[in-house]
Amino acid sequence: MTERLSSYRELTVWRDGIALVKACYLITRAFPKDELFGLTSQIRRSAVSVPANVAEGYGRGTRKDYVRHLMIAQGSLKELETHLIIAAEVDCAAKSDIEPVLGRCDQLGRGLGALIRSLRAKDD
């Protein structure tokens, strides 16, 4: 029997998402100032979107909406990964600084995927 969570804040994927946001804010602080409205903004916005969609989906009330928002979170995570790779390629950040954040993205992506599969299995 599965114990029901009392809040989305208990979800590992939400907590990992918040930690990822913090890591992205830290790394983008060192970006060139002329990137404030470019990559800095894009990275921060896509990072924030991940835990925000986890929370929104949790609060929607139906499993279908929840899964849809988790998939949106997955999409935002892939967008974030792309922005981070671009940041390294255009020398806004060192690849050695980006790699640990990409590792967090991979871990979070696996967690989101597992949660999505778990929720879909309940529909079968």
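A compact table of results
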read-out	value
Rough spin-label spacing in nm, given labels placed 7 Å along Cα→Cβ, for R60 and K78	1.7 nm
Dipole of the stretch 45-124, positive end: most advanced residue of L119, A88, G103 [Cβ charges, Cα centre]	L119
Set of lysines with alpha-carbon distance to K122 below 29 Å, sequence-local pairs under 8 removed	K64, K78
Average Cα contact separation per residue, the chain, under 8 Å, 6 or more apart, as relative contact order %	28 percent
Modelled label reach - F31, point 7 Å along Cα→Cβ, the stretch 51-82 residues with backbone N closer than 19 Å	51-52, 75-82
Using θ = phi - 60° and Karplus 6.51 cos²θ - 1.76 cosθ + 1.60, couplings along the stretch 9-24 (whole Hz; Gly, Pro as x)	5, 8, 6, 4, 5, 5, 4, 5, x, 5, 4, 5, 4, 4, 4, 5
Electrostatic dipole magnitude of the stretch 6-124 [Cβ: Lys, Arg +1; Asp, Glu -1; Cα centre; debye, to 20]	500 debye
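Any read-out appearing in this document is the output of simple, stated calculations on the displayed coordinates, not a laboratory observation. Model, not experiment: these values are computed from the prediction. Neighbour counts run over all protein chains shown; Cβ positions are idealised from the backbone, glycine included.
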